[in-house]
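Please read the structure below before turning to the comments.
The values are calculated or read from the model by the stated rules, or taken from the named source; none is laboratory data. For clarity, every value in this text was computed on a predicted model and none was experimentally measured. Here Cβ is always computed from backbone atoms with ideal geometry, including for glycine, and neighbour counts include all displayed protein chains. We work out accessible area using only protein heavy atoms, side chains counted, and drop any ligands, DNA or RNA first. Shrake-Rupley method; radii C 1.70, N 1.55, O 1.52, S 1.80 Å.
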Amino acid sequence: MNGAGARLERDLAPGLVRRVWVEHLRPAVDGGRHPVKRVVGDRVEVEADILVDGHDLLAAVVLYRPAATTDWREAALERGANDVWRGGFTVDSVEPWEFTVEAWVDEFASWRDELSKKHAAGQELASELLEGAELVAAAAERADARDRDWLRRTADALAGDAPQDARVADALSAVLAEVVARWPDRSLATRFEPPIPVDVERERARFGAWYELFPRSLGPSPEVSGTFRDAADTLGYVADMGFDVVYLPPIHPIGRTNRKGANNVLGAGPNDPGSPWAIGAAEGGHTAVHPDLGTLEDFDALVAEARRRGLEIALDIAFQCSPDHPWVRDHPEWFRQRPDGTIKYAENPPKKYQDIHALDFTCSAWRSLWRELRDVMLFWAEREVRIFRVDNPHTKPIRFWRWAIAEVRSRYPDVVFLSEAFTRPKMMHALAKVGFSQSYTYFTWRNTKRELTDYVTELARPPVRDFMRPNFFVNTPDILPEVLQIGGRPAFVCRLVLAATLAASYGVYSGFELLEDEALPNSEEYRDSEKYQLRPRDWGRPDSLRELIAAVNAIRRDNPALHSNDGLRFLPVDNGQLLFYARTTPELDNVILVVVNLDPHHLHHGFVEVPIEDFGLGPGEPYQVHDLLGGGRYLWQGRRNYVRLDPASSPAQVYRLRRRLRTERNFDYFM
């Protein structure tokens, strides 16, 4: 035998005789290299292209399980058009899962299909009935005691001497098909390998309203720092607005060397508190708290009070150090050094961060550095913090995050990670793929109808929606968008409604509700930024948006259509300044329609088009839309309906569609 023949013999392994071909299993992220993201309780809808030569019929199942277990669960797949098979399963625990598809030639179903056609054509079927008897007898050998004897008797009957029509009727009975299907021959089944991983997190990883708060600004004056106890007293204010997460910037000691003063000037005065992101001083580093804020015990009490009020505390994780951080003294090998032996401060030209040293993640001592950073997150997780907002993760190696997040979740699987990576799209995507639960986005700079439609559609569709969950922050301490600087109250309302109804997770930085809109000239930086000074506020101002925010968050909680990033559809409206879209549940039992005036200065009106057929409504059937913000109820009919939005009074409207129902007493009502 020549070399080619030997290779052919060697390659003809037993598995190659399998006739079924499975490909394009989905959902999958990069072909299964990274996990698909879901939250507990989600149904994972599965599709695969499954092929076989000839005309035989197939059977297929989706196999699924928590990755830490060995036993597969399974659910049947159904064949659709063009050899696409569909099905799904529900994930019911917070942990890594995996799934695959297995398919095989269904010999009995194929035989039964041919028998039916031949019988309808009036053909002689003696041989076919004997073949069927053999298939049923083989199924009996695979069956348990409950079915085995019955299948054997049925096989004997098919091979017996009863009239052909009677035996055909037995062969084609639904009962026989059901029993044989319980005991298929899967010896030559094809299984898609390797399985597709699924990262299953808790609901907060996808749905939640965030409020960013600086505890140090909660004191009685701009000269006196607020404390964790002051923050605990403020939680009622935040909870009343309906938020779910209170995000705290870094709470650690702040360095004094090169401390920044008000408005980011170099050279702080004696009373300037410095930037919380310049972490580390004589009092400690990333596992210490600033003494002006209180003690670790005070922080624990804050976490407990938040939990009592139905809130969660999210902590900022910023892996960088002030020149005074203990690590600079004890582990200079963890930092990038200049030729003269001094440690470089962080830069993002032309920006300079003289109060910060960047860590060197590829230094010779990288293993000890990585473990230390992991232990920082574990330290706070042990203190019941289960949400981390990670500062600038795109400036650290992607492989570090993949390792560190997996390490933390192996001990605390319910930890949620938010990526603050305002950077290139593919880097944002990569961070999401390796474990970040959510990501900041470009929403902050998307303002026109075209910009919003294109960007949100990209996020809401595969492949992006399977690995990246957006968190639409309206503003941040670093970013006061131009639209908020020039648009007044209508712009604040517009951006709030957009963020809260276009994404399952959204956030605001404190002061948003107070319409803070003053920036440094020609910039998106707040004037008198809270990053560099204490900024007490009058939370009770009469022009505050707090009641509107509470109403918006109540709408979000009460309507499941707003709990995920699925079911989003932009709809036609004949005015370029009006944005119209629908959010729906899969069952269409909750349909939310949102129309927003994107122009904060002028009234706009027009006709919106509702896809009534898709919502189960007839052409002439009336339906009610309930304005959940304004309280009005309007009777609409047909596809085209009129809207009018004056930014001075109603920049946005959020409707719930209610169908008309008729009772036995002919009393109409809407549901």
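Give the number of residues within region 547-582 that are closer than 17 Å to S505 by Cβ and touching a Lys or Arg at 6+ places or on another chain (Cβ under 8 Å).
Number satisfying all stated conditions: 9.
Any residue at all in region 220-228 that's of a type in the set (F, W, Y), open to solvent by 10 Å² or more (accessible area, probe 1.4 Å) and assigned to a helix (DSSP H, G or I)?
Applying the first criterion (of a type in the set (F, W, Y)) to region 220-228 yields 228.
When the remaining residues are screened for being open to solvent by 10 Å² or more (accessible area, probe 1.4 Å), the result is none.
No - not one qualifying residue is present in region 220-228.
Identify, by number, the condition in (1) under 30 Å from V415 (Cα atoms); (2) exposed (fewer than 14 other Cβ atoms within 10 Å of the Cβ) that N82 doesn't meet.
For N82, the exception is condition (1).
Residues of region 237-253 being in a helix (DSSP H, G or I) and either open to solvent by less than 10 Å² (accessible area, probe 1.4 Å) or modelled with pLDDT under 95 (or both), which ones? Talk me through it step by step, then tell me what you get.
Going through region 237-253, the residues in a helix (DSSP H, G or I) turn out to be 237-240.
Across region 237-253, the qualifying residue is only V238.
Suppose the filter is open to solvent by less than 10 Å² (accessible area, probe 1.4 Å) and within 18 Å of P197 (Cβ to Cβ); does W401 pass it?
Details: open to solvent by less than 10 Å² (accessible area, probe 1.4 Å): yes; within 18 Å of P197 (Cβ to Cβ): yes.
The answer is yes for W401.
Return a yes/no flag: does region 349-361 have any residue that is closer than 21 Å to S322 by Cβ and part of a helix (DSSP H, G or I). Don't jump to the end; show me each part of the working.
We begin by selecting, within region 349-361, every residue closer than 21 Å to S322 by Cβ; these are 349, 351-361.
From what is left, the residues that are part of a helix (DSSP H, G or I) are none.
No, the conditions are met nowhere in region 349-361.
Pairs only if they're at least six apart or on different chains, beta carbon under 6 angstrom, first in region 568-582 and open to solvent by 60 Å² or more (accessible area, probe 1.4 Å), second of a type outside the set (D, E) and in a strand (DSSP E or B); list them, first residue then second.
That search, which allows pairs on different chains as well, returns R569/A582; D574/G606; D574/F607; Q577/H604.
Look through R338, R367 and report the one residue that is out of contact with any helix residue (DSSP H, G or I) (no Cβ under 7 Å at 6 or more places or on another chain), modelled with pLDDT under 95, over 26 Å from D30 (Cβ atoms) and open to solvent by 60 Å² or more (accessible area, probe 1.4 Å).
The unique qualifying residue is R338.
Cβ-Cβ under 7 Å, sequence separation 6+ or interchain: first residue in region 13-24 and of a type in the set (S, T, Y), partner loosely packed, with under 12 Cβ neighbours inside 10 Å and at pLDDT below 80. Which pairs?
none
When the residues of region 616-654 are narrowed to those that are in a loop (DSSP other than H, G, I, E, B) and hydrophobic (A, V, I, L, M, F, W, C), which ends up surrounded by the most Cβ atoms within 10 Å (Cβ to Cβ)?
From region 616-654, those in a loop (DSSP other than H, G, I, E, B) are 616-621, 628-632, 638-639, 646-651; that's our starting set.
Right, trim to hydrophobic (A, V, I, L, M, F, W, C) and you get 617, 628-629, 648.
Working: L617: 21, L628: 19, L629: 18, A648: 12.
The selected residue is L617.
Could you check R18 against (1) surrounded by 14 or more Cβ atoms within 10 Å (Cβ to Cβ); (2) out of contact with any Lys or Arg (no Cβ under 8 Å at 6 or more places or on another chain); (3) modelled with pLDDT of 95 or more and say which number it fails?
(3)
When the residues of region 341-364 are filtered to those that are over 28 Å from D478 (Cα atoms) and open to solvent by 20 Å² or more (accessible area, probe 1.4 Å), which remaining residue is modelled with the lowest pLDDT? Give the steps one after another, and end with the answer.
In the first step, residues of region 341-364 are kept if they are over 28 Å from D478 (Cα atoms); the result is 341-342, 362-364.
Those left that are additionally open to solvent by 20 Å² or more (accessible area, probe 1.4 Å): 341-342, 362, 364.
Values: G341: 78, T342: 82, T362: 97, S364: 96.
Restricting to residues being over 28 Å from D478 (Cα atoms) and open to solvent by 20 Å² or more (accessible area, probe 1.4 Å), the top hit is G341.
Can you find a residue in region 467-475 that is of a type in the set (V, I, T), modelled with pLDDT of 95 or more, under 19 Å from R546 (Cβ atoms) and open to solvent by 10 Å² or more (accessible area, probe 1.4 Å)?
Taking region 467-475 first, the residues of a type in the set (V, I, T) are 474.
Keeping just the survivors that are modelled with pLDDT of 95 or more gives 474.
From what's left, under 19 Å from R546 (Cβ atoms): 474.
Cutting the leftovers down to open to solvent by 10 Å² or more (accessible area, probe 1.4 Å) gives us none.
No.
Taking region 432-479 on its own, how many of its residues are within 20 Å of A205 (Cα to Cα), among the aromatic types (F, W, Y) and assigned to a helix (DSSP H, G or I)?
Residues meeting the conditions: 2.
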